[in-house]
Structure formats: C-alpha cells, structure tokens
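Taking it in order: structure first as structure tokens, then the write-up.
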C-alpha cells in the first residue's frame, strides 16, 4: 500500500504581500520618526543646515514663481495672441529675458535711488543723538527746577538723572562698535548678493524648464493615482496656486502703491526721513490689519526725535492713508481673493507670527486660505457622497 504524502506548495497572494510591504514601511517610518524626535536638537540643526545649503534653490524657486505672471503676460498675451508666433522656445526665452530686464531694472533703479537716501537718513539720525541727549537733559533740569516748586516726587528726578546717562553711554558704545558691525554686515551682504545671483540663475532655468517640470509632475501624479484621482488632484493644485498667486501679487501691488503715496505725502508735508519711513510703511503694509500699525510706530518715533509736531502730522497722515487702503485701494486690487473672513485672517496672522515671525504674519493668510479651500472641498465631497443637502 503506497502512502501518498501531501505537499504544501507556497501560494502567491498579492493582497497579503501588499499588506506586508505597507506594514514594513509603516514600522520603518515610525522608527525613523521616533529616532528623530529623541534627537530633536540635532534634527533641527540638520534641517537648518540643509535649508541654508538649499536657500539659493528655494529663493530661485520663489523668484521663478513670482516672475511667472510677467512671463505669461508677454508670452501668451503679446507674442502668442498678438503676433501669433510659431517658434515657441525662442519667444519663451525672449519673454523671460524681457520680464527679468524690466522687473530687475525697476528694482535696481529703485535701489540706486533708495539706498543713498537710507544711508543719509541713518547718518542724520546718528548725528542727532548727542543733540537729542543734550535737549533731554536740559528739559529734565528745567523740570527739576519747576518740580521743586510743585513738590514733584524726587524719585522721578533721581531715576531720570541716573538712567539717561546710561542710555547715552549705550549709544556711544554702539557707535564705537559700528566699525566691526559694518565689516560683519559687509561680509553678510556679499554672501547675500552671491546667493541672490545664484538664485536668479536658478530661477531662469526653472522658468525655461517650467513645462518640462510640470509634465514630469503630471506623469508622476497619473502614475501614482487613478485617472479620476489624478485629474481631481491636479485641478485642486491649480486652484490652490491661483489663490496663493492672486493674493501675493495683489498685496505686493497694493503695498507698492501705499509706499509711493506715503513718500509723496511726506514730501508734500515736508516731513523728514521720507524715503526710510515710506519704505518701512510699504513693507509692513504686506501684513494685513497689523501691518499699518507696525509701520506707523517706528515712523512716529523717528520723526518725533526731530520734530514732535511732525510726528503728529505723520500719525494723522498714516491713519488717513490706511483708511484709503482699507476701504478703497485694497478692495479694488485684492477683492475677495482669499475668501477668508476677518476673524480667520486675525487668527492666521497671530498663529503665523507666533511660529514664523514677520514672514508667518504675511504668508499666514494665503496659507490659511488654501487650507480653508482644501477642507471645504473635502467636506463638500463627503456630503455629496452621503447625499446630504449642501445648504444645510
């Protein structure tokens, strides 16, 4: 009698193999994340160093992103529609060259005019420090003399007499260290200029290869997801890009106009330090709501050193200028580009400023707008699947 031995052959099951691969991947990812958290300081240092090394590329990417509307304006609106050109690569290159020449030519002209004025304003401030100290001490002396007749508390006079010389001493020490600080600043400026040149070159290459990079991204998305998912993801990314770019370009134009108007009004009112303060007002105006106050405070302080009455005029001028921006200019340029309610804008500014400083205060609004759009799109999809009335 022959005994038949049962042989158990290995049977391939793609389902369990996929589950095993995902399980291994999740376990490895968890181990890596746990390891990074245990060495958080070293991890942050590595990330900081990596971002420093990659900063020219990241800046170049930002420049290319900001230059894209100008390039499209020349290429699509002029060369392609008006002239109906056939040699796409050549005229795309010409559009890039024209855009960079115009934008950086304007920036270079502005810097050529602004930098000497800034140096003059800072020099004027430093020369006023001794006179300011003498004036304050004279006022303190007069206050002390009159205060004795008015029974002014002696503690106030003692506090002023003890601390004002210290403040003057700190200012003198700061001026004594200005030469080493100037050397360090010069070295940092050279490094920044070098990185900016590299970033501009990178941005030009990115602008030239934009179509190739976008096609590569689309191929990856369609390869990784189903056709319907890939199409939906690409449409979502396009909408997010429109929200972000509309806000950035609109706010930049709005702040530029406000800075120019501030300079014109300060010149007409014969207020000092017009270039320096207008630059501060224009830059800080990029931050919604809080920006006007952030820009007005240093302006009032700087002008008050020279002319207290001029500081009052400047304060009134900035208040009226910001009312014009908030109710007329801003809505005309930006419209409802983000769709974010005022309370949400305040929340985005506070959270962004707490974690990322001034950059976070500016980018917090468009980032919040993109997150709001994504969450709203997800909720609409889920409600539609459940056949729930979207107006509920």
### Sole exception among (1) in a helix (DSSP H, G or I); (2) buried (at least 17 other Cβ atoms within 10 Å of the Cβ); (3) modelled with pLDDT under 85 for residue 337, by number
(1)
## Note on the structure
residue 238: passes all of (1) within 30 Å of residue 332 (Cβ to Cβ); (2) surrounded by 13 or more Cβ atoms within 10 Å (Cβ to Cβ) but (2)
### Task
Please work out if residue 52 is closer than 18 Å to residue 199 by Cβ and modelled with pLDDT under 80.
yes
#### Entry: Leading residue by the ranking (surrounded by the most Cβ atoms within 10 Å (Cβ to Cβ)) among those in the range 313-323 that are within 15 Å of residue 266 (Cβ to Cβ) and free of Cβ contacts under 8 Å to residues at least 24 places away in the same chain
315
### Message
Taking the conditions exactly as written (surrounded by 18 or more Cβ atoms within 10 Å (Cβ to Cβ) and closer than 22 Å to residue 241 by Cα), does residue 344 satisfy them or not?
### Response
no
### Query
Identify, please: which residue in the range 277-301 is surrounded by 19 or more Cβ atoms within 10 Å (Cβ to Cβ) and at pLDDT below 80 and is, among those, nearest to residue 250 (Cα to Cα)?
288
#### Entry: Total residues in the range 101-126, condition touching a helix residue (DSSP H, G or I) at 6+ places or on another chain (Cβ under 7 Å) and either modelled with pLDDT of 75 or more or not in a helix (DSSP H, G or I) (or both)
1
#### Entry: Some residue of the range 346-366 being touching a helix residue (DSSP H, G or I) at 6+ places or on another chain (Cβ under 7 Å), outside any helix (DSSP H, G or I) and modelled with pLDDT under 85
no
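Looking only at residues that are closer than 17 Å to residue 263 by Cα and touching a helix residue (DSSP H, G or I) at 6+ places or on another chain (Cβ under 6 Å) in the range 302-320, which one is modelled with the lowest pLDDT?
Restricting attention to the range 302-320, the residues satisfying the condition of being closer than 17 Å to residue 263 by Cα are 302-303, 310-320.
Those still in the list that are touching a helix residue (DSSP H, G or I) at 6+ places or on another chain (Cβ under 6 Å) too: 303, 310-311, 314-315, 317-318.
Numbers: 303: 83, 310: 86, 311: 86, 314: 91, 315: 89, 317: 91, 318: 90.
This residue is 303.
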### Query
Taking only pairs six or more apart or across chains, which ones have beta-carbon atoms under 8 Å, a first residue in the range 209-223 that is without any contact (Cβ under 8 Å) to a residue 24 or more places away in the chain, and a second residue that is surrounded by 12 or more Cβ atoms within 10 Å (Cβ to Cβ) and assigned to a helix (DSSP H, G or I)?
213/206; 218/230; 218/234; 221/230; 221/233; 221/234; 222/230
#### Entry: Qualifying positions in the range 296-312 - within 13 Å of residue 274 (Cα to Cα) and either touching a residue at least 24 places away in the same chain (Cβ under 8 Å) or under 24 Å from the mean Cα position of the chain (by Cα) (or both)
296, 298, 299, 302, 303, 306, 310
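The values are calculated or read from the model by the stated rules, or taken from the named source; none is laboratory data. All values derive from a computational prediction rather than experimental measurement. A quick note on method: Cβ atoms are made from the backbone with ideal geometry, for glycine too, and the neighbour counts reach across all protein chains shown.
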